[in-house]
Amino acid sequence: PMKPICFICQNIDCKLRGSEQLMSQIADKLAARSIDVEVKSYLCFGACDQGPNIVVYPQKWWYAGVKMEDLPEVVDSLAGGPAVIRLDTVERSLKTMIYELLDTGVF
């Protein structure tokens, strides 16, 4: 199976809400626990008003409005735990569009 990729939006709206710090913290926490997940920036998922946005692929989990205090749960999900359902607040049509884009391998 494909190694999971944790995409973290780095567009201006998400950055203003702390996505750069989230990205470095997630990378550090994964490394500290030897969790084999790639962390990559993503230009924009199109849910700017709901950021910071994190998409886990190929699991197709979308975490919106992620805050620093959400990171333990997010990292646990990346370690093989369940998805953090309470952060899954983005409308289905947008998620479907982004997942289809990721399915083409363009990232």
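Just so you know, all these numbers are worked out from the coordinates, no wet-lab data involved. Worth saying up front: this structure is predicted, and the values here are computed from it rather than measured. Cβ placement follows ideal geometry from the backbone for every residue including glycine, while neighbour counts extend to all protein chains displayed.
Would the stretch 71-79 turn up any residue that is touching a residue at least 40 places away in the same chain (Cβ under 8 Å), under 16 Å from Lys3 (Cα atoms) and either of a type in the set (Gly, Ala, Ser) or touching a Lys or Arg at 6+ places or on another chain (Cβ under 7 Å) (or both)? Checked the stretch 71-79: at least one residue is touching a residue at least 40 places away in the same chain (Cβ under 8 Å), under 16 Å from Lys3 (Cα atoms) and either of a type in the set (Gly, Ala, Ser) or touching a Lys or Arg at 6+ places or on another chain (Cβ under 7 Å) (or both).
Any residue that is within 13 Å of the chain's Cα centre (by Cα) and exposed (fewer than 13 other Cβ atoms within 10 Å of the Cβ) - is there at least one of those in the stretch 41-53? The answer is yes; a qualifying residue exists.
If you check Ile26, Ile8, Ile98, which single one turns out to be in contact with a Ser or Thr (Cβ under 9 Å, 6 or more places away or on another chain) and not in a loop (DSSP other than H, G, I, E, B)? Explain how you work it out, then say what you get.
Working: Ile26 fails: in contact with a Ser or Thr (Cβ under 9 Å, 6 or more places away or on another chain); Ile98 fails: in contact with a Ser or Thr (Cβ under 9 Å, 6 or more places away or on another chain).
Of the residues listed, the single one that is in contact with a Ser or Thr (Cβ under 9 Å, 6 or more places away or on another chain) and not in a loop (DSSP other than H, G, I, E, B) is Ile8.
Mind checking whether some residue in the stretch 32-49 is farther than 19 Å from Met2 by Cβ, of a type in the set (Val, Ile, Thr) and assigned to a loop (DSSP other than H, G, I, E, B)? The answer is no, given that none of the residues of the stretch 32-49 is farther than 19 Å from Met2 by Cβ, of a type in the set (Val, Ile, Thr) and assigned to a loop (DSSP other than H, G, I, E, B). Within the stretch 11-23, which residues are out of contact with any strand residue (DSSP E or B) (no Cβ under 9 Å at 6 or more places or on another chain) and in a helix (DSSP H, G or I)? Correct list: Ile12, Asp13, Leu16, Gln21. Selection of the stretch 50-64 for residues being in a loop (DSSP other than H, G, I, E, B) and either in contact with a Phe, Trp or Tyr (Cβ under 7 Å, 6 or more places away or on another chain) or in contact (Cβ under 8 Å) with a residue 40 or more places away in the chain (or both) yields Gly51, Pro52, Asn53, Pro58, Gln59, Lys60.
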